[in-house]
Amino acid sequence: PKFLIYVSGALSMWGDRMWHFAISVFLIELYGRNLLLTAVFGLVVAGSVLLLGALIGDWVDRNPRNKVAHASLFIQNISVTVCSIVLMLVFSYKQRIEQIWDGWLTVVCYTVVIILADVANLASTALTIAIQRDWIVVITGYNRGHLAGMNATMRRIDQVTNILAPLAVGQVMTLASNVVGCGFILGWNLVSLIVEFFFLSRVYRIVPALSVKPPTMEVDQVYLKLEAKSLTPTHACNCNASLNLKEITNLPLCFRRFRWLVSTCKDGWRAYYRQPVFLAGMGLAFLYTTVLGFDCITTGYAYTQGISGSLLSLLMGVSAITGLMGTVMFTRLRKTYGLVNTGIISSCLHLGCLLLCVCSVFAPGSPMDLSLLMPYITFNSSIEGGSNQPLVPDRSSIHWTNNTVLFDNVPSGTAPESYISIILLFLGVITARIGLWSFDLTVTQLLQENICESERGVVNGVQSSMNYLMDLLHFIMVISAPQPQHFGILVIISVLFITTGHTMYFLYAHKAKKKRRLDT
């Protein structure tokens, strides 16, 4: 079963990585190399998971494991398949479509593409929660050592596919066309759907424990039952209860459904807050508010500092290797020092490496302008034509590749006086990934081990919502301070958020150790 899970996970992750890369490129191409559609898509995806994360997790908890996995897999792959067909038609007949309904058919096509892509992302979130947060725990028989090994292996697969999958589909799109790229993704998803469906069904039959799932019971309902037993009901109470029940049942069906959805979300967030690993989960979420990663923000800044595309690609490869080193370090540290101490060591390593990024802000070659902290000086310098330049040059010189922005025509004179600052920045970002991925695996396993089986889905759904919320904050930060001279401020704010996250984990570790001492 482990091998089947690994193969199924590799196929799923490969398809996800190809699709996430390709859809961004397709949306840019469709809208005349403008970033508007991509920004709308990112906002829709983040907002939908933020709002529906608890509902997705609750759905995972309330249904049999095989039905959840099969339904999520089917919805995800079919949504991507239909979306690919729509994109192929739009790319092939774009001029004709723009002439129909005074161009409104084009808007309809864009809306359909974004909705289908968002549905695919929600289904992928449900599948990830089901397989990587629930199935793996049951398959390992709740053995902590085996669980750590499977988590680390799945993360290694994810790291490798994150580099290779966008590269593969990017080559197809470059050598052929966008239509061929859509067809390639379509074919991959259909084949992957069949193989993953068969493999997951096989795992479900091999592991009998997967078919046993405890019924979900709301904690509030338990408290109400206990109170009902301890109190003698009166006639007045019975009358009030019957009146309230009658009011609820008299509501229209749509309002009852909406009330149930709101109640489910509220109960999901309450369940998340009640968990003993709440602080650890929040600590992990705070790590998403950062510009210190290999996304378009950091790479765009690197280009303004004179770093070539080929060198940046090489640095991304090195960062993938350090990420794999983090997964290896996690398994060894957990075996030697235990899971909680592994998180402490990983946190210290992560923060220690990020100090290099803080030093880069004040090192020679940094474009950091401290006068930006004074609004009047900033206003005067902008009037006088200061050196403030946009973080991203003219869009016409942009080519989109694996989450990076490559510039053909970087203006002359943009190279800094010294490369010490940019070297320290990337040295800190790359080395910090060792502690980052080890810490991520630590919190993931803490969530797996300490959440009761009946709430595993909803709590992990809320965790996904928190991750997306903190990720949105980091984009808001960049929108508020978009220029290269602001990047140093963004680095400092990012480190503060990360420090806050690790502080939360330290508080959790202190409580966990104190509780362990009291129990012994």
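The values are calculated or read from the model by the stated rules, or taken from the named source; none is laboratory data. The structure presented is a predicted model; accordingly, all values stated were derived computationally and were not measured. All Cβ positions, even for glycine, are placed from backbone atoms using ideal geometry, and neighbour counts span all protein chains on display. In case anyone asks, the SASA skips ligands and DNA or RNA and just uses the protein heavy atoms, side chains included. Shrake-Rupley method; radii C 1.70, N 1.55, O 1.52, S 1.80 Å.
Structural remarks
- Enumeration of residues in the stretch 66-85 that are surrounded by fewer than 18 Cβ atoms within 10 Å (Cβ to Cβ) and farther than 23 Å from ILE206 by Cβ: ILE75, ILE78, VAL82, ILE85
- Only one entry of VAL160, VAL119, VAL137 meets the criterion of being in contact with a helix residue (DSSP H, G or I) (Cβ under 7 Å, 6 or more places away or on another chain), part of a helix (DSSP H, G or I), open to solvent by 30 Å² or more (accessible area, probe 1.4 Å) and of a type outside the set (S, T, N, Q), and that entry is VAL119.
- Filter result for the condition that a residue is assigned to a helix (DSSP H, G or I) and open to solvent by less than 40 Å² (accessible area, probe 1.4 Å), over VAL318, VAL328, VAL340: VAL340
- The condition (being open to solvent by 30 Å² or more (accessible area, probe 1.4 Å), free of Cβ contacts under 8 Å to residues at least 24 places away in the same chain, under 21 Å from LYS2 (Cα atoms) and polar (S, T, N, Q)) is satisfied by just one residue among ASN143, ASN63: ASN143.
- Among the numbered conditions (1) without any contact (Cβ under 8 Å) to a residue 40 or more places away in the chain; (2) farther than 28 Å from PRO367 by Cβ, the only one that ILE479 does not meet is (2).
- Those residues of the stretch 299-332 which are among the β-branched types (Val, Ile, Thr), under 25 Å from the mean Cα position of the chain (by Cα) and closer than 20 Å to PHE487 by Cα, in sequence order: THR299
- Just one of the listed residues (THR414, THR378, THR404) is crowded, with 19+ Cβ neighbours inside 10 Å, at pLDDT below 70, more than 30 Å from GLY57 (Cβ to Cβ) and among the polar types (S, T, N, Q), and it is THR404.
- Listed by first and then second residue, the pairs linking a residue in the stretch 179-190 that is touching a residue at least 40 places away in the same chain (Cβ under 8 Å) to a residue that is among the hydroxyl-bearing types (Ser, Thr, Tyr) and crowded, with 16+ Cβ neighbours inside 10 Å, with Cβ atoms under 8 Å apart and 6 or more places separating them unless they lie on different chains, are CYS182/SER84; GLY183/SER84; ILE185/SER84; LEU186/THR81; LEU186/SER84; ASN189/THR81; ASN189/SER84; LEU190/THR81.
- Listed conditions (1) among the hydrophobic types (A, V, I, L, M, F, W, C); (2) modelled with pLDDT under 80; (3) open to solvent by 50 Å² or more (accessible area, probe 1.4 Å) are all met by TRP269, apart from (2).
- Of the residues examined, SER72 is not one that is farther than 20 Å from GLU455 by Cβ, outside the structural domain of VAL458 (by the TED database) and touching a residue at least 40 places away in the same chain (Cβ under 8 Å).
Residue by residue, here is whether (1) more than 29 Å from ALA46 (Cβ to Cβ); (2) under 19 Å from the mean Cα position of the chain (by Cα); (3) not polar (S, T, N, Q) holds:
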position	(1), (2), (3)
ASP134	no, yes, yes
MET150	no, no, yes
THR153	no, yes, no
ARG156	no, yes, yes
THR161	no, yes, no
PRO166	no, yes, yes
VAL169	no, no, yes
VAL172	no, no, yes
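- Test: residue in the stretch 362-373 that is open to solvent by less than 70 Å² (accessible area, probe 1.4 Å), within 30 Å of ALA152 (Cα to Cα) and modelled with pLDDT under 95: no
- Entry remark, the stretch 276-293: residues being part of a loop (DSSP other than H, G, I, E, B) and open to solvent by 10 Å² or more (accessible area, probe 1.4 Å) number 6 in total.
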